[in-house]
Amino acid sequence: MSIKKKIQDTSAEQLESFRQYLRSNDNEDAKRHLLFPIFKKIFGDKLKSESAAAGADAYIEGQLLVEAKTDSSQWLEGFYQALHYQRKHGLAYDTIMVVAHKFVGIWKLKKLPEKATELSKTINAHLAPNQVGKENARKTDKYLKTEIQQSAFYWLTPKELDGDIFTKNIT
């Protein structure tokens, strides 16, 4: 069954849990329990988190790494943090997702701006992913930030949360 079909088959309860995560302004740790039901439904036992995933918030080997942040303004930090799990811990995935209060961004690694992947490889591989996320976000100029944003295949911002967040096309 395709991921798109599994998303379509998620229950109202799982979708509502994810909506609550996105709409809550609580700290990411306080609302983490709201994030997992939808990923558990879609990926089942393949879902790993935290210590089972080298510290990543959610990880599905070979497919997806999810980085949760507290606020939408931290999306760029989360983006670089997600990229660093591959370099530091050897995690294998082809898609990264950053989720935060009123924000979702999803990227395919093969479609990222070259400058972003180059920047992610220049920093010390032994640093913690959250530190790398902050440092690389600080080093990213406005033009590259826009390129990274535009390379996402799904982008949900605070203004879009007024409607049904699950009506956008996912390709």
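The values are calculated or read from the model by the stated rules, or taken from the named source; none is laboratory data. What you see is a predicted model, and the numbers here were worked out from it, not measured in a lab. Using ideal geometry, Cβ is built from the backbone for each residue, glycine included, and neighbour counts are taken over all protein chains shown. Side chains are part of the model used for accessible areas, which takes the heavy atoms of the whole protein and leaves out ligands, DNA and RNA. Shrake-Rupley method; radii C 1.70, N 1.55, O 1.52, S 1.80 Å.
Bridgeable aspartates and glutamates around K41 (alpha carbons under 12 Å apart, same-chain partners fewer than 8 residues away excluded): D9, E13. Inter-label distance, L109 to Y154: 1.9 nm, where each label sits 7 Å from its Cα along the C-beta direction.
By the helix-only formula, in which each DSSP H run with n ≥ 4 contributes -39500 (n - 2.57) and the sum is divided by residues, the chain has a 222 nm mean residue ellipticity of -14000 deg cm²/dmol.
For R19, the accessible area of its heavy atoms, probed at 1.4 Å with every protein chain present, is near 50 square angstrom.
Using a probe of 1.4 angstrom, how much of the accessible area of the chain is carbon and sulfur, in percent? It would help to have the intermediate numbers written out before the result.
On the way: 4270 of 8880 Å².
The C+S portion of the solvent-accessible surface of the chain is 48 percent.
Stretching the chain fully between T146 and D71 yields a gain of 25.2 nm (0.36 nm per residue, less the alpha carbon separation).
Within the assembled protein chains, the solvent-accessible surface assigned to K108 is about 70 Å², based on a 1.4 Å probe. In this structure, the amide hydrogen of A92, modeled 1.01 Å from its nitrogen in the peptide plane, lies closer than 5 angstrom to those of G62, counting only residues at least 5 positions away or on a different chain.
The residues of the chain present an accessible area of 52 Å² per residue when probed at 1.4 Å with all protein chains retained.
Suppose a student asked you for the relative contact order of the chain, using Cα pairs under 8 Å spaced at least 6 residues apart; what percent would you report?
Details: 264 pairs, mean separation 33.4, N = 171.
Answer for the chain is 20 percent.
Label positions at A92 and L127, each projected 7 Å from the Cα along the C-beta direction, are separated by 2.8 nm.
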